[in-house]
């Protein structure tokens, strides 16, 4: 969530989309696939790159998108779900509330916001999830956190976060902070493309575990 330049981090939160986001009228109440059981939201996009790691030429928006695309493929091919992404390119820029509105338009069973984290300390690395409304989201957030244990890094638990997408979405919703883009080991694996698949598999496994548990 933090903006990263090499191993020097600027304390700039980028969760809220800037003013250049597309207008709500262009995206609200529109599901890219008509309907979907699962909506994945690659965080950031457009002029909002999220965290950056210039040492490895990484931007969070691109990593988020790649993970979401891989997770969508797994959910469709392995588990048989209909999946929609809130954006499918790096140029689209959405406000947080718009992201939740897309999930509502899809009449999804679950909504997952995918992010990478960052820290002033390049040695820091852990996974974490966030929920918006306790009754609606907490149990799903805990399930997703358990699935992310497959990444083999420490967990910082799950916590409440007043994110517009989580609050707008009517279905169980979670914001995933998978790994730290500022961690040089993680950044290296992301740069060579080996870490994205593991994150995608964990996200997909968590979604499937939750949906099957509600049946």
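Descriptive notes on the structure:
- Extension gain, residue 91-residue 29: 0.36 nm per intervening residue step, less the Cα-Cα distance, totals 20.3 nm.
- Highest to lowest packing among 31-37, 137-143, scored as the average C-beta count within 10 Å: 137-143, 31-37
- Mean Cα-pair separation over length for the chain, i.e. relative contact order, pairs under 8 Å, 6 or more apart, %: 25
- Note on the chain: Cα-only Rg and Dmax are 15.6, 47 Å.
- Top of 39, 176, 30 by mean-square fluctuation, Gaussian network on the chain, Cα under 10 Å: 30
- For the chain, the antiparallel share of DSSP beta bridges with both residues in that region comes to about 35%.
- Separation of the residue 159 and residue 142 label points, Cα + 7 Å toward Cβ, nm: 1.9
- Prolate/oblate/rounded call for the stretch 20-127, Cα gyration tensor, a/c under 1.5 rounded: oblate
- Calculated FRET efficiency for the pair residue 120/residue 77, C-beta based, R₀ 25 Å, to 0.05: 0.05
- From helices alone, the chain scores -11000 deg cm²/dmol at 222 nm; the rule is -39500 (n - 2.57) for each run of n ≥ 4 DSSP H residues, then divide by the residue total.
- Between residue 192 and residue 215, the FRET efficiency estimated from the beta carbon spacing at R0 = 35 angstrom works out to 0.35.
- A simple spin-label model places pseudo-atoms 7 Å from Cα toward Cβ; at residue 56 and residue 135 they are separated by 4.2 nm.
- Beta bridges by DSSP in the stretch 33-116, antiparallel share as percent, to the nearest 5: 25
The numbers here are math on the coordinates, done by the rules we state, and not lab data. Please read all numbers here as calculations on a predicted model, not as lab measurements. For neighbour counting, all protein chains shown are included, and Cβ atoms are generated from backbone atoms with ideal geometry for every residue, glycine included.
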